[in-house]
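The values are calculated or read from the model by the stated rules, or taken from the named source; none is laboratory data. This structure is a prediction, so every number in the text was calculated from the model and none was measured. All Cβ positions, glycine included, derive from the backbone under ideal geometry; neighbour counts span all protein chains shown.
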Amino acid sequence: MNKTLLLTLGSLAVASFMTACGQSVPYINTDTEEECVTVNKKLLKIDTYIQMVEKTSAFHLEESSIAMLAPQMTVSNNKPKMLRDAVKKKAALEAEHQKLGCEAPTK
């Protein structure tokens with residue numbers, strides 16, 4: 001009786017573990033996720049840059065552009081050109097973001 005009970009409980013435990021492990025796990029492409037994270041970080045950086053340029057007066061932009069950490073956005077010190085270049089860069093990154101099928105970035 002004890003052996004039968006022990007054998008039954010043991011087989012039930014094994015069957016329950018096998019059932020739980022047999023379910024398919026969704027495939028996640030980690031390369032795409034890493035690219036999405038990179039694109040999201042760049043988009044957030046561009047948004048911050050655009051806000052900073054919009055809030056800064058044209059007189060102080062030349063000085064602040066030297067101190068900014070984002071020289072790859074533009075090569076100009078002219079405020080309208082800086083904004084235009086940043087918007088173009090943002091549009092290109094948003095197109096790449098959509099092409100990768102990423103979720104919307106969180107701010």
Worksheet item: Residue check: is LEU43 on the phi < 0 side of the Ramachandran plot, surrounded by 10 or more Cβ atoms within 10 Å (Cβ to Cβ), modelled with pLDDT under 65 and part of a helix (DSSP H, G or I)?
Response: no
Discussion item. Looking at GLU63, GLU35, can you tell me which residue is in a helix (DSSP H, G or I), modelled with pLDDT of 85 or more and either acidic (Asp, Glu) or surrounded by 18 or more Cβ atoms within 10 Å (Cβ to Cβ) (or both)?
Written reply: GLU35
